[in-house]
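Right, one structure below, let's go through it.
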Amino acid sequence: MDIKAVKTTPYADQIMGTSGLRKKTAVMRQPHYLENFVQSVFDSLDGFEGKTLVVGGDGRYFNKEALQIILKMAAANQFGKIIVGQNGVLSTPAASHLIRKYQAFGGLILSASHNPGGADGDFGIKFNIHTGAPAPQILTAAISDRAAEIDRYWTIEAPDVDLSVVGTYMLGASEVVVIDSVSDYVAYMQEIFDFSTLKKLFQSGFSMTFDAMNAVTGPYAKRLFEELLGAPTGTVVNAIPLPDFGGLHPEPNLTYAKHLVDRMMQPSAPDFAAASDGDGDRFMILGPSFFLNPSDALAIFADYLDTVPFYHGKVYGVARSMPTSVAVDAVARRRSLPLYETPTGWKFFGNLLDAKKIALCGEESFGAGSFHIREKDGLWAVLLFLSIMAETGKSVSQLAHELWHRDGRVFCSTHSYEGLDANDAADLMHALVDRLPELPGQTIAGLTIDQAFEFSYDDPVSCETTAHQGICLYLADKSRVVFRLSGTGSSGATLRVYYNRLVQDTMRFEADVQETLADLITFADTVAEISSRTGRTAPTVRT
Ligand code: G16
């Protein structure tokens with residue numbers, strides 16, 4: 001085998017964010033850019049020679065070319081076996097599952113998740129460790145440090161591997177195993193959920209739309225819902241993964257999946273609708289004329305997880321990211337479950353899941369998951385919700401109302417200001433941090449601040465501390481406003497402002513979310529000077 005060292009020079013911007021390295025596709029395609037990052041990952045790991053690496057991506061533009069580069073580098077770096085999804089495609093949850101199932105050393109997942117794709121869109125790459133979890137903070141820091149000084153990478157001279165045909169190929173001394181992208185994951189879902197009960201749901205005339213948003217979940221959803229559960233052909237829409245997602249922004253929320261939301265507001269709406277994102281780890285759930293907030297979905301999952309036999313006796317505890325609404329906290333209290341509050345980013349749940357401190361975790365950003373893998377899992381969330389509906393006979397709206405009547409309704413919303421000037425956004429955050437000591441006790445825009453602090457997380461398993469994870473302002477009525485900068489954008493900055501208010505008065509449960517939060521929204525604009533500092537009078541996305 002002709003292994004060669006290629007000389008290179010570092011790029012200054014290979015710093016991993018909330019979920020791996022995400023950049024404009026054109027940035028990723030610069031000479032040696034991807035190679036530098038991949039070699040920095042390998043150089044930051046120990047003892048992988050002869051072991052297995054799982055590789056795949058969400059099929060976006062540049063996926064195939066990037067995979068061939070990675071396969072050759074993995075062979076040159078002496079991985080023994082490389083498992084890759086057919087045509088280079090693996091959803092993020094499927095990749096996490098494969099790492100665990102085949103006891104791989106780790107995996108490289110190519111995706112910029114919910115970010116748009118195409119030549120002018122975004123591309124991303126992340127490394128997941130042997131548990132299937134995203135690389136922890138300590139490793140991502142080491143990778144970025146290595147990338148800042150890298151001067152060579154290893155590759156081999158070899159023809160491209162044919163990824164279109166399932167089979168085993170040799171690449172230098174390494175075995176490349178091309179597998180069906182869908183089968184292992186679908187078989188695992190059949191282990192977790194009772195497919196005969198779910199099949200009966202569809203046989204009873206239950207109607208559903210699943211919008212794959214021209215992204216990776218199409219083939220998985222077709223196999224699950226149409227082939228195995230007997231939902232009619234056409235239940236899965238936008239089912240063919242396209243390199244540019246057909247121009248759709250593959251982020252299931254009220255703004256970017258508006259076409260689905262509009263459909264669910266029609267009298268002809270099906271009983272249930274769901275959508276997933278670019279790499280299949282997010283979910284959005286709707287009922288007829290009803291949007292289920294992801295924080296409420298997490299609370300419902302916590303209430304009903306143990307009705308699924310796979311989880312009997314294993315609901316150890318639950319976790320949510322700090323900006324996620326406190327709806328799940330009430331369920332945890334009611335059911336005497338330990339509750340953990342982590343920073344934004346799935347990597348913070350890994351230790352809690354491994355240590356069996358939690359069975360379930362989730363985020364306001366349309367993510368939920370359990371110990372079945374170590375990533376959030378959009379299709380699992382949809383199957384779990386369908387299982388709960390089958391078990392209880394209740395609709396999406398009924399399950400949400402049941403939750404509100406038990407625990408009160410937590411009105412919550414995330415406002416994202418996308419594409420801000422990075423300096424303006426950083427200045428806004430710094431100015432707010434500087435004022436934190438003086439804020440408690442002040443009344444601003446009619447609301448009195450009770451507590452003001454920056455969120456810091458002490459991992460109870462690794463004992464590591466992660467500071468500066470968002471600014472929290474608690475008001476006298478226990479409402480909460482959180483400010484943080486997104487770590488998943490590829491240019492400029494995105495400011496996220498998270499609103500949270502618990503309402504116990506049942507007469508107010510049907511109120512409009514934004515109206516219910518209006519005074520908090522005015523408060524946030526005033527205290528953080530959002531409009532004057534950014535020039536924006538409204539967010540880009542409200543969820
Ligand atoms: C990623 C992370 C999530 C996080 C989300 C938003 O999701 O895995 O944990 O909540 O980004 O992060 P941010 O607010 O920093 O943009 P995904 O689906 O993009 O991988």
Quiz item: If you keep only loop residues by DSSP, which chymotrypsin sites (Phe, Trp or Tyr not before Pro) in region 478-513 have at most 16 other Cβ atoms within 10 Å of their Cβ?
Solution: Phe509
Quiz item: For region 469-509, what relative contact order do you get, as a whole percent, if you take Cα pairs closer than 8 Å and at least 6 residues apart?
Solution: 33 percent
Self-check item: Pairwise FRET efficiency - Thr168 versus Lys356, Cβ, R0 = 35 Å, nearest 0.05
Solution: 0.45
Quiz item: Could the peptides 173-184, 7-18, 86-97 be put in order, highest first, of the mean number of other beta-carbon atoms found within 10 Å of their residues?
Solution: 86-97, 173-184, 7-18
Exercise. Just subtract the alpha-carbon distance of Gln190 and Glu175 from 0.36 nm times their residue separation and send over the number in nm, one decimal.
Key: 2.5 nm
Quiz item: How far apart, in nm, are two points set 7 Å out from the Cα along the Cα-to-Cβ line at Asp46 and at Thr255?
Solution: 4.5 nm
Quiz item: Which Rg and Dmax, in Å, describe the Cα atoms of region 268-342?
Solution: 13.9, 42
Self-check item: Residue-by-residue Karplus 3J(HN,Hα) for region 3-10, coefficients 6.51, -1.76, 1.60, Hz, glycine and proline x
Solution: 7, 9, 8, 10, 6, 8, 10, x
Quiz item: For Glu391 and Val433, FRET efficiency with R0 = 41 Å and r from the beta-carbon atoms, rounded to 0.05?
Solution: 0.35
Quiz item: Quick one: if you take sqrt(5λ) for each eigenvalue of the C-alpha gyration tensor of region 118-219, what semi-axes come out, biggest first, whole angstrom?
Solution: 37, 21, 17
Quiz item: Under 5 Å between amide H atoms, partner at least 5 residues away or on a different chain: which partners does Gly117 have, H built in plane at 1.01 Å?
Solution: Asp122
Quiz prompt | the chain, relative contact order [Cα under 8 Å, separation at least 6], % | solution = 14 percent
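When the chain is fully extended, how far beyond the present Cα-Cα distance does Glu149 get from Ala476, taking 0.36 nm per residue of separation?
Separation in residues times 0.36 nm, less the Cα-Cα distance, equals 112.8 nm.
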Exercise. Sequence neighbours fewer than 8 away in the same chain don't count; with that in mind, list the aspartates and glutamates whose C-alpha is under 17 Å from Lys7.
Key: Glu35, Asp43, Glu149, Asp151, Glu157
Quiz prompt | Descending semi-axes in whole angstrom, ellipsoid equivalent of region 195-250, from the Cα gyration tensor | solution = 24, 10, 7
Quiz item: When all C-alpha to C-alpha distances in the chain are sorted into bins of 20 Å, what percent of pairs does each bin hold, rounded to whole numbers?
Solution: 22, 57, 20, 1
Quiz item: With r defined as the distance between the Cβ atoms of Glu510 and Gln68 and R0 fixed at 41 Å, what FRET efficiency is calculated, to the nearest 0.05?
Solution: 0.15
Practice problem: Measure off 7 Å from each Cα along the Cα-to-Cβ vector at Ser289 and Thr522, then give the distance between these two points in nanometres to one decimal. | Solution: 3.0 nm
Practice problem: At 7 Å along the Cα-to-beta-carbon direction for both Ser491 and Gln203, put a label point, then send me their distance in nm to one decimal. | Solution: 5.4 nm
Quiz item: Across 5 Å bins from the origin, how do the percents of Cα pairs in region 78-165 run, short distances first?
Solution: 3, 11, 17, 20, 23, 19, 7, 1
Quiz item: So how much slack lies between Arg29 and Asp306, counting 0.36 nm per residue of separation and subtracting their Cα-Cα distance, in nm?
Solution: 95.1 nm
Quiz item: What is the log10 of I(q)/I(0) for region 216-353, computed with the Debye formula using one identical point scatterer on each Cα and no solvent, at q = 0.14 Å⁻¹?
Solution: -0.82
Self-check item: Overall dimensions of region 386-543 as given by Cα atoms, namely Rg and Dmax in Å
Solution: 17.8, 52
Quiz item: Can you list the lysines whose alpha carbon sits under 19 Å from that of Lys394, skipping same-chain ones fewer than 8 residues off?
Solution: Lys199, Lys200
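Are there any GluC sites (Glu not before Pro) in region 463-539 that are in a DSSP loop and have at most 16 other Cβ atoms within 10 Å? List them by number.
When the GluC sites (Glu not before Pro) of region 463-539 are filtered for loop state and at most 16 Cβ neighbours within 10 Å, Glu464, Glu510, Glu529 remain.
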Practice problem: Check cross-link reach from Lys4 to the lysines: straight Cα distance under 25 Å, and skip same-chain residues fewer than eight apart. | Solution: Lys51, Lys64, Lys72, Lys81, Lys126
Self-check item: Value of [θ]222 nm, deg cm²/dmol, for the chain, DSSP H segments ≥ 4, -39500 (n - 2.57) each, nearest 500
Solution: -8500 deg cm²/dmol
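Throughout, read-outs are computed from the coordinates displayed, never taken from laboratory work. The structure presented is a predicted model; accordingly, all values stated were derived computationally and were not measured. All Cβ positions, glycine included, derive from the backbone under ideal geometry; neighbour counts span all protein chains shown.
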